[in-house]
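Worksheet: one structure, shown below.
The values are calculated or read from the model by the stated rules, or taken from the named source; none is laboratory data. Everything numeric here is computed off the predicted structure, so don't read it as measured data. Neighbour counts run over all protein chains shown; Cβ positions are idealised from the backbone, glycine included. Heavy atoms of the whole protein, side chains included, go into the accessibility calculation; ligands, DNA and RNA do not. Shrake-Rupley method; radii C 1.70, N 1.55, O 1.52, S 1.80 Å.
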Amino acid sequence: MSNGAIEDTQVIPAAEIEEVELYHAHSFITKWVFSQDAKIIAIQYSTTAILIGLVGLVLSWLMRLQLGYPDTFSFIDPESYLQYVTMHGMIMVVYLLTALFLGGFGNYLIPLMVGARDMVFPYLNMLSFWTYLLATLILTASFFVPGGATGAGWTLYPPQAISEGTPGINGGIILMLVSLTFFIIGFTMGGLNYVVTVLQARTRGMSLMRMPLTVWGIFVATILALLAFPALLVASIMMTFDKLLGTSFFMPEMLIQGEIGPNENGSPLLFQHLFWFFGHPEVYIVALPAFGVVSDIISTHARKNIFGYRMMVWAIVGIGGLSFIVWAHHMYVSGMNPYFGFFFATTTLIIAVPTALKLYNWVFTLYKGNIHLTIPMLFCVAFILTFLNGGITGLFLGNVVVDIPLSDTMFVVAHFHMVMGIAPVLVIFAAIYHWFPLMSGRFLNEFWGQVHFWVTFLGSYLVYFPMHYLGFVGVPRRYYEIGETSFVPESAATLNEFITIMVLIVGVAQIIFIINIIMSIFNGKLAGKNPWKATTLEWQTETTPPGHGNFGKELPICYRWAYEYSPPGVKTDFVPQNLAPDKIK
Amino acid sequence: MSILNELIKKPWLADPSQIEGPQASQSSFMPNRKLGLRVFLVVVTVIFSLSIIAYGDRMLFANWKPMPETWVLWLNTGILITSGIAMQWAKINTIRDNIVGVRDGLVFGGVLTIAFLIGQLYAWEQMVGLGYYANLNTANAFFYMLTGLHGIHMLGGLVAWARSMLKLRKISQLDGSIADVRLSVELCTTYWHYLLLIWLVMFTLLLLS
């Protein structure tokens with residue numbers, strides 16, 4: 001670690017930094033509605049993502065009510081159950097997590113953390129949000145068209161997704177595919193901004209290896225998304241053709257009610273390859289920003305530099321690269337060539353190495369740290385545990401021989417909810433509790449934060465641990481009702497009931513969280529400037545919350561990396577990235 | 001400095017008095033829009049690569065019946081090549097500060113591109129007239145999808161082209177500097193050349209199948 005008390009250093013004045021022309025809004029509409037300020041766009045993205053996420057949450061309640069109390073709710077029939085399953089999955093993975101991490105946190109944090117005034121293409125950034133909103137509205141509209149939303153499962157596998165018997169094959173599936181197309185177009189506009197801003201608009205002194213890991217995570221995740229979403233786009237276009245024009249990209253020759261159907265020799269497997277070429281990197285599109293956020297928060301709240309910064313960066317880049325050669329581990333039961341299975345099982349195990357490295361480094365960061373058990377820190381520790389749990393069951397499922405009997409069971413549902421449902425959501429909460437004082441100038445209520453944390457954390461485990469057991473005994477996923485079988489014990493029904501109760505309790509905790517946010521915006525305890533005593537540039541702005549243009553008259557200069565906590569020989573236990581060496585006491 | 005050299009640095013050991021980073025060597029960086037276009041072209045490459053891989057995969061199926069060759073596609077290819085040459089001419093003239101040459105190159109390039117798109121629509125009409133409907137064979141479906149995707153990208157290019165034309169008009173009216181439109185023309189040219197390359201790959205594939 002560098003010694004901050006360096007004397008006789010030559011500080012190059014900020015005046016040498018070339019300023020960029022900044023967009024200025026002149027009316028209420030251009031300032032708050034069609035805004036080109038990344039911070040406003042971030043809030044627009046986040047609000048939309050959270051609102052549609054709440055729809056996804058309610059859908060999960062409805063699913064659980066059916067599973068916990070079958071034959072009780074007359075409005076939940078098999079068709080609507082499948083629609084809940086499908087829409088819940090797609091909403092949560094794409095429209096909530098991807099949009100919130102990249103569109104929400106990406107927009108708010110990238111310019112502030114790299115010391116830029118705004119994104120490099122503000123107009124495109126604005127278009128990105130409005131295209132995302134349009135995509136979300138189209139998706140929501142699919143609930144209201146005749147036949148309702150699609151019930152094909154979030155993976156939208158053909159031929160089932162567009163064949164008779166599947167809910168929503170008239171309007172629902174088409175709106176889903178159109179919505180995804182718009183989402184991808186909108187994301188591409190935003191993604192170009194994130195990548196070019198990180199590469200081009202960093203302030204003076206902010207070399208790549210001085211960037212906070214949050215920026216690294218979002219940056220690499222954006223690159224993954226730019227490379228992975230085209231696969232979903234191509235698959236969506238082809239399936240739309242199959243549905244509307246009667247083509248046979250994916251639709252095989254089928255017997256329909258005893259007669260040969262109109263399609264010929266399409267390849268459903270081709271769709272699966274395209275879908276998972278997007279689908280697996282999608283896990284890391286969500287996970288990498290979460291990794292970065294956790295690294296920054298635990299370092300700040302443990303008052304200790306992140307352990308193995310360079311390895312952490314390499315791991316993010318390595319995981320990003322490897323995530324493109326593991327996709328077919330989702331397809332072991334699809335009938336693909338068995339040698340593929342061997343290859344993809346191997347790459348899946350390899351990707352566990354950089355991931356485990358990150359886990360070790362977080363634990364080593366905490367080791368002998370001056371740990372402040374704040375709400376963000378609690379959520380981060382919970383994340384580390386949860387990601388470990390979810391990751392280990394991922395190793396089980398990455399092995400062909402273990403995956404085949406567990407495929408399409410509740411074990412898989414429990415696994416992916418732990419690893420890419422609960423784990424990233426815990427990070428989102430950590431991030432909101434951590435950066436809310438920056439965005440609003442106020443803290444979230446501590447007591448209700450504690451309630452929110454403990455109910456969410458313990459509740460999630462009480463939901464998903466039993467679900468692993470259900471999977472082991474053979475309870476299948478996506479079934480409206482299990483009924484009587486020779487292998488599923490009666491106790492499974494009791495366990496399902498218990499899980500449902502826990503889901504509802506965890507859900508109520510989220511309502512508390514939303515109320516806490518609304519109340520704290522107006523009545524929260526004033527946070528002041530840099531309340532967590534963080535080193536990164538977003539906390540060093542002239543005003544809190546940061547004003548238009550982020551920084552004052554002059555852009556900050558970055559003198560050091562983002563983790564100068566508790567340096568020896570320095571009075572304070574942190575040195576901001578922009579504090580000139582000759583001003584350190 | 002290459003990104004690999006950057007990645008092996010140990011920032012915790014760095015001397016804070018050494019101001020490193022992008023702004024310290026601004027001249028080595030390309031304009032934001034240029035980098036933005038390059039990133040976008042990577043995305044476009046992935047879209048077309050995956051479509052072409054899917055095409056190659058489906059070609060191996062027994063019932064694959066390739067589309068017939070049509071002279072319209074050869075003519076369209078010629079038009080697109082000429083359009084690329086015109087755009088290149090416009091770009092060269094931005095360097096020579098010859099505003100008339102820039103205008104002629106842009107106008108010629110844009111009009112030829114519109115002609116290319118009309119030609120593609122004519123090729124579609126011709127194929128439909130011959131009974132090659134999208135739902136009859138996957139080869140037909142791929143033909144319409146690939147040419148459609150390419151056409152949409154060309155249309156997007158025409159939006160950028162129209163903006164460059166407006167800028168050029170403004171420069172002519174206000175007696176402004178040609179430097180204001182240089183980057184726009186350069187980016188349009190790059191985009192045109194890239195989409196020409198993609199078309200040539202796709203056309204070759206269509207011929208080979």
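So here's what we get for this one:
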{"quantity": "Residue tally, condition part of a helix (DSSP H, G or I), more than 7 Å from every other protein chain (Cβ to nearest Cβ) and more than 14 Å from A:Met126 (Cβ to Cβ), over region A:188-211", "calculated": "4"}
{"quantity": "Residue in region A:370-382 that is of a type outside the set (Asp, Glu), under 19 Å from the mean Cα position of the chain (by Cα) and under 22 Å from A:Met467 (Cβ atoms) present", "calculated": "yes"}
{"quantity": "Selection count where residues are within 7 Å of chain A (Cβ to nearest Cβ), open to solvent by 30 Å² or more (accessible area, probe 1.4 Å) and modelled with pLDDT of 80 or more, scope region B:4-41", "calculated": "6"}
{"quantity": "Listing of helices (runs of 4 or more DSSP H) fully contained in region A:74-181 that carry 1 or more residues being surrounded by fewer than 21 Cβ atoms within 10 Å (Cβ to Cβ)", "calculated": "A:78-90, A:122-141"}
{"quantity": "Test: residue in region B:93-106 that is in a helix (DSSP H, G or I), among the β-branched types (Val, Ile, Thr), at pLDDT 95 or above and surrounded by fewer than 19 Cβ atoms within 10 Å (Cβ to Cβ)", "calculated": "no"}
{"quantity": "Members of region A:347-369 found to be under 19 Å from the mean Cα position of the chain (by Cα) and of a type in the set (Ser, Thr, Tyr), listed by number", "calculated": "A:Thr355"}
{"quantity": "Qualifying positions in region A:11-39 - open to solvent by less than 30 Å² (accessible area, probe 1.4 Å), at pLDDT 80 or above and of a type in the set (A, V, I, L, M)", "calculated": "A:Ala38"}
{"quantity": "Per-region count, region B:70-83, residues under 15 Å from the mean Cα position of the chain (by Cα) and either within 14 Å of another protein chain (Cβ to nearest Cβ) or crowded, with 21+ Cβ neighbours inside 10 Å (or both)", "calculated": "2"}
{"quantity": "Filter result for A:Leu65 (open to solvent by less than 50 Å² (accessible area, probe 1.4 Å), at pLDDT below 95 and over 25 Å from the mean Cα position of the chain (by Cα))", "calculated": "no"}
{"quantity": "Matching option when the condition is hydrophobic (A, V, I, L, M, F, W, C), within 14 Å of chain A (Cβ to nearest Cβ) and surrounded by 14 or more Cβ atoms within 10 Å (Cβ to Cβ), among B:Met67, B:Met87", "calculated": "B:Met67"}
{"quantity": "Subset of region A:281-310 that is open to solvent by less than 10 Å² (accessible area, probe 1.4 Å) and not in a helix (DSSP H, G or I) - its residue that is farthest from the other protein chains (Cβ to nearest Cβ)", "calculated": "A:Ala302"}
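Results for (1) surrounded by 24 or more Cβ atoms within 10 Å (Cβ to Cβ); (2) within 10 Å of another protein chain (Cβ to nearest Cβ), shown as yes or no for each residue.
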| residue | (1), (2) |
| --- | --- |
| A:Leu227 | no, yes |
| A:Pro230 | yes, yes |
| A:Met239 | yes, no |
| A:Leu245 | no, yes |
| A:Glu259 | no, no |
